[in-house]
Structures are given as C-alpha cells and as structure tokens.
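Asker: Would you mind keeping the following structure in view while I ask a few things?
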Amino acid sequence: MSNYLSPSFQDLDAVAAAYKNAYTSADPFPHIYFENFFDSQFLSQVREEFPDLSTLNTFRFNNPNEKKFATKGEADLGPKTKQLIHFLQSETFLRFLQSLTSIEETLLGDPYLMGGGLHEIKRGGLLKVHADFNKHSLTGLDRRLNVLLYLNKDWKEEYGGHFELWDTEMKSYRKKILPAFNTLALFSTTDTSYHGHPDPLNCPEDESRKSIALYYYSNGRPAHEVNPALVDHSTLFKARAGYVGEVVAPSLNWKERVKLFIPPILLKRKKK
C-alpha cells in the first residue's frame with residue numbers, strides 16, 4: 001500500500017488497465033486526468049511547503065507568451081515535495097505510466113527537472129498555447145509525456161487558469177480542465193500536442209495557480225512522430241485562430257533558452 005496514493009488509486013496496475021483505452025483514444029491527442037489521485041492529507045502537506053516563487057532565485061518568464069515562475073532543480077523543494085517527486089520518478093510510477101500510455105519505448109524520468117518542478121502563475125499571468133520542446137538538453141532523449149499535478153484548494157471557475165488542449169488547426173480547445181487541488185493531468189508530447197492556459201489569470205491578488213510539472217523521456221520515438229524539419233526544437237508557441245498578434249517569437253534562440261535551465265558545472269562538463 002502506498003502512503004502517497006488515495007484509496008481509489010492504490011492499485012496502479014488496475015488503474016492503467018481500466019483507463020488505457022480512454023487515454024490513447026482521447027481527443028485531440030492522448031491524454032487523461034484524474035481527480036483525488038493522491039492521499040489528500042499528504043498532498044496538503046506538499047501544498048503547505050509551496051513557497052512564493054517570486055521571492056526566490058527561480059526562473060522568471062515575463063513576455064507576451066508566458067508570465068510565470070518555475071523552480072531550478074530541487075534547491076527550493078521541501079521534504080514532502082521531494083518525496084512526492086521521487087515517487088513520481090520511481091519504478092512503480094514509471095511502470096504505471098508505461099502501461100497507461102501504451103508507449104512502447106522505455107520511459108525515463110528526469111532527475112535534473114529540466115523545465116519541471118514547481119510552477120506558479122500569479123494574477124494576470126498566462127501561458128500561451130504551445131507544443132513543448134522535444135529533446136532533453138543534457139541527455140538528448142526524446143520528450144514523450146507530461147504529468148501535471150495541481151495544488152489549488154477552493155479554486156473557482158471564474159479564476160480561470162484552466163488547462164486547455166487544442167486542435168492542430170488552433171480553431172478551438174477540445175478539453176478544458178480546472179486546475180483544482182489533487183487533479184493529475186497526463187498527456188503525450190509531440191510537435192502538435194498544443195496546450196496551455198492562454199488567458200490572463202483572474203484569481204485574487206493573494207492567490208496563485210500552483211502546480212508540479214514532471215516530464216518523461218525515451219531513447220527514440222515512433223517514426224510517425226518525427227518531423228524532419230523539427231528534429232530538435234524549443235517551445236513552439238501557436239496563435240489561436242482569430243487572435244491577431246497574441247504570440248511573438250521567443251527573444252532567445254533554443255540554445256540560449258536551454259542554458260537557462262542547466263547548472264554552470266554541467267555546462268562545463270558538457271563542453272569538455
């Protein structure tokens with residue numbers, strides 16, 4: 001029995017078997033979300049550790065495409081948060097993800113938390129619709145899966161911040177998920193798995209949209225998912241149909257953006 005999981009999700013093998021068809025057949029691309037996935041008491045302790053990321057040495061994104069904060073590695077994670085993240089990268093959870101998603105290549109976690117970890121968006125913040133970067137900058141592995149865990153108690157619809165999954169033509173979202181406490185969302189990452197929370201957050205000033213993001217990788221991916229023109233790319237922001245000028249090209253190129261996430265000692269080692 002896992003101390004991390006709620007009673008309904010103790011048998012991860014059974015959960016994967018019950019929902020794998022729903023995951024692989026989901027529109028507009030493979031995804032699923034679960035409510036009350038973790039033990040609520042334990043997850044409340046994780047939430048209590050969540051710091052104000054604007055006061056720490058974190059990544060700060062403030063441009064037309066993204067206004068948010070994100071941690072750097074494990075430096076600012078509390079003990080309960082570390083326990084949870086280590087569980088989410090354990091053999092037990094990796095086997096669950098492998099079975100649920102039907103991804104054939106072996107899935108691996110990311111102990112470096114490149115781009116992952118704690119994410120926070122404050123009032124007025126947003127993350128325009130995009131497809132994620134597709135390669136791990138240190139290992140060269142292919143990014144295959146995102147897992148998002150929301151930590152927002154008593155979150156109201158009018159606050160916004162919904163996680164939206166969009167069609168490839170960017171005409172409309174096909175799924176809209178409230179970022180409520182103890183909601184776990186998973187989706188397969190490709191060059192066309194467009195998602196985001198594109199409208200400014202409307203929560204009270206003393207609230208914020210808090211989440212944990214983890215990314216999973218494999219050595220290679222199916223040929224039909226490989227676009228020869230986008231072999232190695234950064235985040236691909238996409239404008240929603242009818243919204244003129246809402247997305248701008250990143251001010252940094254891919255290599256420059258990657259360096260933001262790599263500790264200097266690892267950059268030196270890679271150059272050698």
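The values are calculated or read from the model by the stated rules, or taken from the named source; none is laboratory data. Since this is a predicted model, take the numbers as computed values, not measurements. No Cβ is skipped: glycine too gets one built from the backbone with ideal geometry, and neighbour counts run over all protein chains shown.
Asker: If I go through the range 183-235 residue by residue, how many of them are among the small types (Gly, Ala, Ser), modelled with pLDDT of 95 or more and more than 21 Å from residue 24 (Cβ to Cβ)? Full working, then the answer.
Answerer: Going through the range 183-235, the residues among the small types (Gly, Ala, Ser) turn out to be 185, 188, 193, 196, 208, 211, 213, 218, 220, 223, 229, 234.
Filter once more, keeping what is modelled with pLDDT of 95 or more: 185, 188, 193, 196, 208, 211, 213, 218.
Next, only the ones that are more than 21 Å from residue 24 (Cβ to Cβ) stay: 196, 208, 211, 213.
Total meeting the criteria: 4.
Asker: Among the residues that make up the range 145-152, is at least one of them buried (at least 21 other Cβ atoms within 10 Å of the Cβ), in a loop (DSSP other than H, G, I, E, B), out of contact with any His (no Cβ under 8 Å at 6 or more places or on another chain) and not basic (Lys, Arg)?
Answerer: yes
Asker: Filter the range 126-162 down to the residues that are in contact with a Phe, Trp or Tyr (Cβ under 8 Å, 6 or more places away or on another chain) and among the aliphatic types (A, V, I, L, M) and list them by number.
Answerer: Result: 129, 131, 138, 141, 145, 147, 148, 149, 151.
Asker: Are any residues in the range 174-212 touching a His at 6+ places or on another chain (Cβ under 8 Å), surrounded by fewer than 17 Cβ atoms within 10 Å (Cβ to Cβ) and not in a loop (DSSP other than H, G, I, E, B), and if so, which ones?
Answerer: Residue satisfying the conditions is 176 alone.
Asker: Residues in the range 4-28 that are under 20 Å from residue 86 (Cα atoms), surrounded by fewer than 18 Cβ atoms within 10 Å (Cβ to Cβ) and either within 21 Å of the chain's Cα centre (by Cα) or β-branched (Val, Ile, Thr) (or both): how many?
Answerer: Looking only at that region, the number is 1.
Asker: Looking at this structure, is residue 229 more than 29 Å from residue 83 (Cα to Cα) and outside any loop (DSSP other than H, G, I, E, B)? First the steps, then the outcome.
Answerer: On the way: more than 29 Å from residue 83 (Cα to Cα): yes; outside any loop (DSSP other than H, G, I, E, B): yes.
For residue 229, the condition - more than 29 Å from residue 83 (Cα to Cα) and outside any loop (DSSP other than H, G, I, E, B) - is met.
Asker: Here are some residues: 144, 123. Which one is closer than 13 Å to residue 29 by Cβ and among the basic types (Lys, Arg)?
Answerer: When all the criteria are applied, what remains is 144.
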